[in-house]
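Taking it in order: structure first as structure tokens, then the write-up.
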Amino acid sequence: MKSKAIYFSVLLTLFMAVNVKAQCDTIANICEKHLTNDYISDGQQYRALLLDDEMAEFHATFYGGAIYRIAACSGLDDGNLVFSLKDRDGNDIFNNENFQYAPYWDFQVNSTFEGILNAKLNPNKDNTSGCAVLLISFKEQ
């Protein structure tokens, strides 16, 4: 009996992992609509499964002489994800809460810096959990 319970638990865990990956893949595909042809992806997909008021943190290097676009999505609609960019000292560079939860942001980088991206579910939406996806792309100035 105990081995059946363990077997069931393993199957359930595997099913949930596949389901979460599929959900994140779908959201990443939706988020890609915000990356236009003139931008080049950095080749990464920054992903996190968030529950309620959890926050994900990602680190990325932004190189001087480029224009960047950060796209951030969760769920099937825009505005479900709150995201911000800070410098290493914790100073706010951008927060989409100040821009009606915009799903992407373009900015120019003059000198290279390490940025900290934070993402959390929009508390004004009916989200209890969701896959957060951030995509970074760039183009030459």
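Throughout, read-outs are computed from the coordinates displayed, never taken from laboratory work. Since the structure is predicted, the reported quantities are computational estimates derived from the model, not experimental observations. Cβ: placed from backbone, ideal geometry, glycine included. Neighbour counts: every protein chain shown.
A Förster radius of 22 Å combined with the Cβ-Cβ distance from Phe99 to His59 puts the calculated FRET efficiency at roughly 0.45.
With 20 Å as the cut-off, how large is the P(r) tail for region 51-141, expressed as percent of Cα-Cα pairs?
Numbers: 1332 of 4095 pairs.
It works out to 33 percent of all Cα pairs.
Set the Förster distance to 35 Å, then compute FRET efficiency between Asp92 and Thr26 from the Cβ-Cβ distance, nearest 0.05.
Values: r = 30 Å, r/R0 = 0.87.
About 0.70, to the nearest 0.05.
When you filter the trypsin sites (Lys or Arg not before Pro) in region 61-136 for DSSP loop state and at most 12 other Cβ atoms inside 10 Å of their Cβ, you are left with Arg88.
Counting only aspartates and glutamates at least 8 places from Lys33 when in the same chain, those with an alpha carbon closer than 17 Å to its own are Asp25, Asp42, Asp77, Asp78, Asp106.
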